[in-house]
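Here is the structure we will look at.
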2 protein chains.
Amino acid sequence: MTTPPHASRPRPPANVPDSVELSRRIRDAGLKATPQRLAIYGALIGTTQHPTIEAIHEVVRPKLPALPLGTVYKTIESLEEAGLVMEVSLPGNAKRYDANVSPHHHLVCTSCDIVLDFRDDALDALRPKVRWNGFRPTHVKVQVHGICSECQRRDSTGSR
Amino acid sequence: MTTPPHASRPRPPANVPDSVELSRRIRDAGLKATPQRLAIYGALIGTTQHPTIEAIHEVVRPKLPALPLGTVYKTIESLEEAGLVMEVSLPGNAKRYDANVSPHHHLVCTSCDIVLDFRDDALDALRPKVRWNGFRPTHVKVQVHGICSECQRRDSTGSR
DNA sequence: CTATCTGCAAAAACTTTGCTTACCC
DNA sequence: GGGTAAGCAAAGTTTTTGCAGATAG
């Protein structure tokens, strides 16, 4: 059966793992669990926003006001190589990142640019069936572009 | 002879529309058909490579050796706004573009990074069925990541 | 003719790099 | 203590901008 979408609007109250759990994951991935990594990885886990490096920097600033932007770049690179974080390919100039590395897809609102995660078993079932031209698929990324419910509501009530 | 059932690799011999046709499309889109636009749009139509701005610049160089990179940026922007060209969201730093604006999807080889276009009616049939959380879909972009047939062949014969 | 587009140069935005010091394990 | 990571600054890459002159329609 199809998994219902879990993306309730502004955002689901993030159930962020505690720092002990974050440290464990980071060490399990073969990395040292530094305060910077904890903060950055924690920030990424605690949002559904697919932020840019800049945005991550902003979010972490209260916790680590002196953190240089360059360190965010290096940290995200490490986390990505370790498989804890994924780059999300979206329109726009700056790269965006996601700490949700389990299989999922994206709803992209072309009106407000928000990106919502969703899972769908029917889509996951697609991969093994794919066999185009000798291409051997490993995973399928689906981006559904359209208008989110919030924008639909605003557009119908707000105007006129 | 008949078309073979499987597309042959490096690329299908591009059937590039002539410049009269290109001019018409550009004017129909409400833009002036300048030599720069003809060259750039033609270059993008004539490749299946999803090139970056830099790559387009290279390709066009023989025809317009003095063309500044900045003009390629501006031209692609115009063509994109006019709906003649689309940005393709792929991993990597520079944006990539596609003159194929008809509905299609992408096979991304994670070994050699080539991006192949493909169409699939089953995928197209997906959109109307999508109805996640009040989101109203307009179109679905699918990226299938995996290993292309060329890399499979190379990996099995080349090694050992 | 004239609104649009090109060429050019500077600047802004984004990302990487090299190296020294700090600190996790 | 040793090796990895952070901090810092400079440079590299990619993209945007503003304006003067050129040109397609």
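Here is how the numbers come out for the structure above:
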| read-out | value |
| --- | --- |
| The stretch B:26-55, subset near DNA strand D (Cβ under 9 Å from one of its atoms) and without any contact (Cβ under 8 Å) to a residue 24 or more places away in the chain, residue surrounded by the most Cβ atoms within 10 Å (Cβ to Cβ) | B:ALA33 |
| Long-range neighbours under 6 Å by Cβ, at least six apart or interchain, first residue more than 7 Å from chain B (Cβ to nearest Cβ) within the stretch A:127-156, second part of a strand (DSSP E or B) and of a type outside the set (A, V, I, L, M, F, W, C) | A:ARG127/A:PRO137 |
| Neighbours by Cβ (under 6 Å, 6+ apart or cross-chain): first from the stretch B:85-103, within 14 Å of B:ASP113 (Cα to Cα); second within 16 Å of DNA strand C (Cβ to nearest atom) and in a loop (DSSP other than H, G, I, E, B) | B:SER89/A:SER89; B:SER89/A:LEU90; B:SER89/A:PRO91; B:LEU90/A:SER89; B:PRO91/A:SER89; B:ARG96/B:LEU90 |
| Enumeration of residues in the stretch A:125-146 that are surrounded by 19 or more Cβ atoms within 10 Å (Cβ to Cβ) and under 25 Å from A:ARG96 (Cα atoms) | A:VAL140, A:LYS141, A:VAL142, A:GLN143, A:VAL144, A:GLY146 |
| Failed criterion for B:ALA122 (all others in (1) facing chain A (nearest Cβ under 9 Å); (2) surrounded by 13 or more Cβ atoms within 10 Å (Cβ to Cβ) hold) | (2) |
| Yes/no for B:GLY92 being modelled with pLDDT under 95 and either more than 23 Å from A:GLU87 (Cβ to Cβ) or not aliphatic (A, V, I, L, M) (or both) | yes |
| Residue within the stretch A:66-85 that is more than 12 Å from DNA strand D (Cβ to nearest atom), buried (at least 18 other Cβ atoms within 10 Å of the Cβ) and not polar (S, T, N, Q) present | yes |
| The one condition in (1) without any contact (Cβ under 8 Å) to a residue 40 or more places away in the chain; (2) more than 10 Å from DNA strand C (Cβ to nearest atom) that A:ILE76 fails to fulfil | (2) |
| Condition met for A:LEU90 (under 16 Å from the mean Cα position of the chain (by Cα) and under 26 Å from B:VAL142 (Cβ atoms)) | yes |
| The lone exception for B:SER102 - which of (1) surrounded by fewer than 15 Cβ atoms within 10 Å (Cβ to Cβ); (2) assigned to a helix (DSSP H, G or I) it fails | (2) |
| Any chance A:PRO35 is more than 18 Å from A:ALA82 (Cα to Cα) and modelled with pLDDT of 95 or more | no |
| Residues of the stretch A:31-87 that turn out to be closer than 26 Å to A:LEU107 by Cβ and assigned to a loop (DSSP other than H, G, I, E, B), as a count | 9 |
| Among residues of the stretch A:115-156, those that are closer than 25 Å to B:ILE147 by Cβ and among the hydrophobic types (A, V, I, L, M, F, W, C), counted | 9 |
| The stretch A:104-113, residues that are modelled with pLDDT of 90 or more and more than 8 Å from chain B (Cβ to nearest Cβ) | A:HIS104, A:HIS105, A:HIS106, A:VAL108 |
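The values are calculated or read from the model by the stated rules, or taken from the named source; none is laboratory data. Bear in mind the structure is a predicted one, so any value in this text is a computation, not a measurement. Cβ atoms come from the backbone with ideal geometry, glycine included; neighbour counts cover every protein chain shown.
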